[in-house]
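First up is the structure itself, then whatever we jot down about it.
The values are calculated or read from the model by the stated rules, or taken from the named source; none is laboratory data. This structure is a prediction, so every number in the text was calculated from the model and none was measured. Note that each Cβ is placed from the backbone with ideal geometry, even for glycine, and that neighbours are counted across all protein chains shown.
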Amino acid sequence: MIPTFDAHVPEALVTLREYPCGTVFPRHTHPRGQFAYASTGALKMFTDLGNWVVPPQRAIWVPAGVPHEMHMRGEVVMLNTYLDDQATERAGLQARCQVFEVSPLLRHLLEAALAFEPSAPASERQRCVLTLLIDEMGAMPELPLSAPLPGEPRLAQACQRFLEAPTQTISLDEMATWSNMSRRTFTRHFLESTGMTFVAWRQQVCLLEATARLSHGASITAVALELGFSSSSAFTSVFRRNLGESPARYLAKSKAAALF
């Protein structure tokens with residue numbers, strides 16, 4: 001359900017929605033910016049510019065007017081905060097999609113804001129909670145849980161094919177063939193279009209997929225082998241190097257946050 005807004009809606013409106021595993025929201029836009037917090041479950045989001053993964057207890061910022069598609073992984077409970085332009089500016093949120101950490105304080109503020117009735121006159125407490133909510137959003141650290149998508153049509157088509165079944169075993173030569181380019185031309189255009197080498201991009205996409213699968217309950221060993229890593233230890237090493245901690249520690253923190 002995509003909400004509508006009128007002049008009486010406050011600068012920050014929080015709603016709660018529950019979605020079964022596999023729910024897909026086809027491409028759509030919002031007139032306000034959307035700060036989508038996955039209380040439980042995980043989600044993947046796609047735009048023309050990239051793809052993002054939101055593990056449990058994290059959030060994604062989608063600026064107003066950005067066409068996007070969302071896929072639910074697991075049973076998702078989502079708290080959406082829709083911000084008007086003034087609130088977006090005060091929070092310092094950018095005109096690009098971003099995944100954020102969510103502090104215990106922000107979780108409590110989101111829960112408190114759920115009780116507010118948009119059509120009722122704002123109380124002093126409501127104004128204080130929403131002000132702190134917006135300020136706390138602006139203080140959240142960004143997480144490296146995205147991968148860019150190229151704008152060049154042939155590259156975009158090849159990348160979409162890769163995203164359907166990401167694996168470390170797909171080679172640069174295979175991608176070049178899918179793009180109807182020589183290896184050299186593909187390498188040059190890919191770097192120019194995404195700012196990354198194909199090998200780095202392939203690894204990032206596989207890590208995003210791994211994060212989503214782990215959040216959905218898959219084992220570390222199964223995820224490592226399904227995504228083409230040589231072993232679970234090799235996968236753990238790459239995961240720790242890119243995300244700052246081991247997969248086991250990452251999942252433990254998510255579960256602990258869910259119990260807070």
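Here are some notes:
Matching residues to (1) at pLDDT 95 or above; (2) part of a helix (DSSP H, G or I); (3) loosely packed, with under 13 Cβ neighbours inside 10 Å:
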residue: 191; (1), (2), (3): yes, yes, no
residue: 201; (1), (2), (3): yes, yes, no
residue: 214; (1), (2), (3): no, yes, no
residue: 217; (1), (2), (3): no, no, yes
residue: 250; (1), (2), (3): no, yes, no
residue: 257; (1), (2), (3): no, yes, no
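- Complete set of residues in segment 51-70 that are modelled with pLDDT under 95 and either farther than 14 Å from residue 100 by Cβ or surrounded by fewer than 21 Cβ atoms within 10 Å (Cβ to Cβ) (or both): 51
- Filtered by the rule that a residue be without any contact (Cβ under 8 Å) to a residue 12 or more places away in the chain and among the small types (Gly, Ala, Ser), segment 115-148 gives 115, 120, 123.
- Residue among 155, 110, 133, 106 that alone is part of a helix (DSSP H, G or I) and more than 21 Å from the chain's Cα centre (by Cα): 155
- Of all residues in segment 164-174, those that are surrounded by fewer than 16 Cβ atoms within 10 Å (Cβ to Cβ) and either within 29 Å of residue 35 (Cα to Cα) or of a type in the set (Asp, Glu) (or both) total 4.
- Which numbered condition residue 109 fails, given (1) surrounded by 21 or more Cβ atoms within 10 Å (Cβ to Cβ); (2) in contact (Cβ under 8 Å) with a residue 40 or more places away in the chain: (2)
- Answer from 151, 92 - the residue that is touching a residue at least 24 places away in the same chain (Cβ under 8 Å) and at positive phi: 92
This table checks each residue for (1) of a type in the set (D, E, K, R); (2) surrounded by 15 or more Cβ atoms within 10 Å (Cβ to Cβ); (3) more than 23 Å from residue 206 (Cβ to Cβ); (4) within 12 Å of the chain's Cα centre (by Cα).
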| site | (1), (2), (3), (4) |
| --- | --- |
| 27 | yes, no, yes, no |
| 35 | no, yes, yes, yes |
| 46 | no, yes, no, yes |
| 72 | no, yes, no, yes |
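- The one condition in (1) at pLDDT 95 or above; (2) surrounded by 20 or more Cβ atoms within 10 Å (Cβ to Cβ); (3) hydroxyl-bearing (Ser, Thr, Tyr) that residue 177 fails to fulfil: (2)
- Against the numbered list (1) at pLDDT 95 or above; (2) surrounded by fewer than 19 Cβ atoms within 10 Å (Cβ to Cβ); (3) part of a strand (DSSP E or B); (4) over 14 Å from the mean Cα position of the chain (by Cα), residue 82 comes up short only at (2).
- Of the residues contained in segment 158-173, one or more are found to be assigned to a loop (DSSP other than H, G, I, E, B), without any contact (Cβ under 8 Å) to a residue 12 or more places away in the chain and either farther than 30 Å from residue 12 by Cα or not assigned by TED's automatic domain parsing to the domain that holds residue 246 (or both).
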